[in-house]
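Take a look at the structure set out below.
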Amino acid sequence: MSKTVMIVDDSASIRQVVSIALKGAGYQVIEACDGQDGLAKVSGQRVHLIISDVNMPKMDGISFVKELKKIPETKFIPVIMLTTESMQAKKQEGQAAGARAWVVKPFQPEQMIAAVSKLIMS
Amino acid sequence: MNIRFDYDPENNRLSLDGEMTIYTAAELKGRLMQRLHESETLAIDLSRVGEIDSSGVQLLLLMFRDAATKNKCIRIVASSPAFDEVVFLCSLQEAFGMNGIEAEEEA
Amino acid sequence: MNLDEALQTFIEESSDLLTQMEEALILSEQSEEISEIVNVLFRAAHTIKGSAGLFGFDHIVSFTHVVESLLDRVRTAELELTSDLIALLMYSRDHIADLLEDMTPEPGNVSDELREKGDRLVEQLKCHLGSDESMPTKPNEDTSVAPNRTNCDQRPVRSENWHISLRFAPDILKNGMEPFSFLRYLSTYGDIDHVCTVPDAIPSEEKMDPEISYLGYELSFKSRAERSAIDSTFDFIRDGSQIRLIPPHADISEYIELITILPESNERVAESIRKCGSLTQEECRTALSEIQRVSAADRTQVSRSDIEASPPAPKSNPSERNATTVAKNGENRFIRVDSVKLDRLIDLIGELIIAGASTSMVARKIGVAELRESTSILSRLVEEVRNTALNLRMVQIGTIFNRFQRVVRDVSQELGKDIELIVEGAETELDKTVVERIADPLMHLVRNAIDHGIEPFELRRDRGKPDKGTVRLGAYHESGSIVIEVEDDGGGLDRDVILAKAVEKGLVSEGQSMSDHEVFNLVFEAGFSTAKEVSNLSGRGVGMDVVRRNIVDLRGSVELSSRLGEGTSVKIRLPLTLAIIDGFLVGIGNATYVLPLDMVVECIELAAWNQEVGDDKRYLNLRGEVMPYLRLHEHFGISGKIGKQRNVVVLNYAGEKFGLVVEKLMGEFQTVIKPMGKMLEKVQGISGFTILGGGDVALVLDVPGLMRQIVLEHEREEDTVH
């Protein structure tokens, strides 16, 4: 049974690259363009892991994680946050919200696969 | 994200159907421990456990420890591939009394 | 934590250990029972070697290894700790300190001089060791090989696998992190040979939270991957988790450390490690017995710590222990904090106090009872926070006293004198910044006592004194101050010599009548030196005047008393803390001044006094007690309208009382002392300023300074009278 990963990012190109890489590694992928979209799409199906950007329109990554933590069906989904190194303060905020895994942009697709497999090895 | 409990009082057999994960851990703890308190002997059938993570494993370990201190008889009588994989990964055969008695009643 | 920070910790830790070695070596000369002392020495060398290895300082590893081997022989009673050997070990200790120092700017490149010195010491150490000791290769070769695989290590374990020990942060499950996933991911880098799951942390049914992670793992891992690669597996769960990797064929000491650090009982941990195949039965036994030996030594060793000494608690029995919450032994109760962070905290609390005072004032002005009540609760809390924070910075003065043992030992040997240093009140606490800044002046005084104070023993015999001279360092608290005394039973000061010298230097005029006390304290005047010739010990261009200036800069005072032929005593008085004090506000006209509350004895209306006494009204009579006084408005030359009302604040400093006449008494005030700018630094009688609740500035009065001035003025006047 292959596992499902959701990538939430307002940049379509990043969604694409991540999506291609993950599918190549045997995961199913759902794409969402911001936190709100992500929340809408995560309900009603089993998502094993979420990759989310921090800076996004409508609902940013941190608020997104906070919302996920409120819903029983989604509160235990591991989240990988995408960050730039200069966002130390955001990182603390995110960690307080429960996001433990961080991947620094820019990243190679292999790095992303490695990060995902640490959390949900298929 | 569900777990179903079936108890067969005649054979003291508790069957679990679903996932033993962090999502079901809170519910599992209550049900499993209550079952254990009400039983002197307990046979656990895990053959329909599709997924198990460390929260599930530590609950089972708690049950086995509790049973041992109260001199109760507890056994895992059937297991699923998911459970077997975890037992192998963490070398838990001994802890769950599974040395050579795997799925003896599976029939 | 990055590598730089870790390195900093290593340097601090090593310098602590070197201090321990030094103290132990000195103690070993005086003590009969030396087995614990040797243990301390051995462990210090052992730990330095181990940590140096982690950082790849192979030259430190190889040198320390020889020292350690030697100490091991002493420990097993194969070698006797002779005074020769103690001296050699002292030099070796110094050499390690030099190596550490040398490494600090640019690690790795040892200067030729140091290397030669190291080689010489190794030669000498080898002589004691005998030839059968398998020596490590010469220092500074072999640097390419990881230290734990070099032949420096005495006891590599048999296992050719990595050992991985995992205790996860309790909340990882809640954050969606599943330990099994990480275990599975490890297969990317190799094969898990065997896992031992450690369920000990699962609490009783009632206490068990099913969403908390309780399981720990010990695993034997076959892999050719680099440490960093294997370690990277756990990147996402490192926070709050204990993740330890031990490489193949590591020294058994790494396992010993692991066993001691993990929360379960030593026996349980050792058993888990054995079960997963990383240690053999034999290696387990060795590790456990070593731990027992060391912890026995720990219990007997006098514990010392920068913050507060408390004996390390021996491991309690396993059932009492809760996996992650209970500290395993005393050491874990202490944490290392960068003092810069502490200073920042104190600064912030200073700001908090000022802001709090202004809030309270606004509340009083507005006059809403509830607001006033809540601000008063707030200021009480702020005060508690202040005290707690200041307390964090308190360290025992013993931390600097102890380094004088070494000085006395070395210097007296050099001078051919037999001198004993007696330390009293080493546990007396004072602010860390004060401790640091008093160390140099104290060193000077101690050296003076050894160098000029204690006579050569021929002279001592003539005077009927014991051959062995005594220098005493003492400390105690006295009304908001700490008093530090340096005493010797040496020759004492010669009043006539000092007076003659002072006249020669133009410090006093000939024929001026002076008490002994005044004469002796002339040595603190700039440009005064009584030593017939400048010795290489004390004569470093730093005179007693610098000692006094340093002390005065700390808002302290110093005085000297002496009896010819019997000895000299120097008494230093320092405030306990520099930053924040409990103040007492007094006012004249519109100006407000702060007095340190600790020094205020009482406040009385001037009318209630038996009025001024003495020919020229320079004394006050308080219930029969006569004391000098100062009118503050005269002192600061405040003219204009001074209210009719007069109050006297009775102050006590260094056992002397004096009165300060002011207009208004305005009560207690938490005072954050800000230093005066360069311009006002020289104003007599002021040690700083503070900001009041309303934003006004108040001057902090320097009580010792005022007192000195009263004395001076009286003397001057007396001179003119006589």
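The values are calculated or read from the model by the stated rules, or taken from the named source; none is laboratory data. Since the structure is predicted, the reported quantities are computational estimates derived from the model, not experimental observations. Heavy atoms of the whole protein, side chains included, go into the accessibility calculation; ligands, DNA and RNA do not. Shrake-Rupley method; radii C 1.70, N 1.55, O 1.52, S 1.80 Å.
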For the range C:364-442 and the range C:454-520, compute the distance between their C-alpha centroids and round to whole Å. 27 Å
List the aspartates and glutamates whose Cα sits under 17 Å from the Cα of C:Lys222, skipping any in the same chain fewer than 8 residues away. C:Glu160, C:Asp191, C:Asp193, C:Asp231
Residue by residue through the range C:450-460, which ³J(HN,Hα) values in whole Hz follow from phi under the Karplus form 6.51 cos²θ - 1.76 cosθ + 1.60 (θ = phi - 60°), with glycine and proline marked x? 6, 6, 9, x, 5, 7, x, 5, 4, 5, 4
List the aspartates and glutamates whose Cα sits under 17 Å from the Cα of A:Lys58, skipping any in the same chain fewer than 8 residues away. A:Asp9, A:Asp10, A:Glu31, A:Asp34, A:Asp37, A:Glu67
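With all protein chains present and a 1.4 Å probe, how do B:Thr69, C:Thr671, C:Thr76 order by accessible area, largest first? Numbers along the way, then the final one.
Numbers: B:Thr69 105, C:Thr671 0, C:Thr76 75 Å².
Accessible-area ranking of B:Thr69, C:Thr671, C:Thr76, largest first: B:Thr69, C:Thr76, C:Thr671.
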Over the C-alpha atoms of the range B:2-89, what are the Rg and the largest Cα-to-Cα span, Dmax, in Å? 11.9, 34
For the C and B pair, go ahead and give the buried accessible area with a 1.4 Å probe, both sides summed, in Å² to 100. 1900 Å²
Report, in listed order, any pair from A:Lys90/C:Lys365; A:Lys3/A:Lys70; C:Lys341/C:Lys657 with a Cα-Cα distance greater than 31 Å. A:Lys90/C:Lys365; C:Lys341/C:Lys657
On the full set of protein chains, 1.4 Å probe, figure out the accessible area of C:Ile354 and give it in Å² to the nearest 10. 30 Å²
Excluding ligands, DNA and RNA, the carbon-plus-sulfur percentage of the accessible area of chain A with a 1.4 Å probe reads 52 percent
As straight-line cross-link partners of C:Lys674, the qualifying aspartates and glutamates (C-alpha separation under 19 Å, not fewer than 8 residues apart within one chain) are C:Asp343, C:Asp347, C:Glu351, C:Glu383, C:Asp431, C:Asp553, C:Asp582, C:Asp598, C:Asp696, C:Asp702
Explain nothing, just compute: Karplus ³J(HN,Hα) = 6.51 cos²θ - 1.76 cosθ + 1.60, θ = phi - 60°, for every residue of the range C:363-374 in order, whole Hz, x for Gly and Pro. 4, 5, 5, 5, x, 7, 4, 4, 5, 5, 4, 5
In sequence order, what are the phi-derived ³J(HN,Hα) couplings for the range C:625-632 according to the Karplus relation 6.51 cos²θ - 1.76 cosθ + 1.60 with θ = phi - 60°, rounded to whole Hz, with x for glycine and proline? 9, 9, 9, x, 8, 9, 8, 4
Accessible area that becomes buried as A packs against C, both chains, 1.4 Å probe, Å², nearest 100: 1600 Å²
Name the long-range amide H neighbours of C:Leu622: under 5 Å, sequence gap of 5 or more, or other chain; modelled H, no Pro or chain starts. C:Met627
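Rounded to a whole number, what % of the accessible area of chain B do carbon and sulfur atoms account for, probe 1.4 Å? Numbers along the way, then the final one.
Numbers: 2240 of 4840 Å².
C and S atoms contribute 46 percent here.
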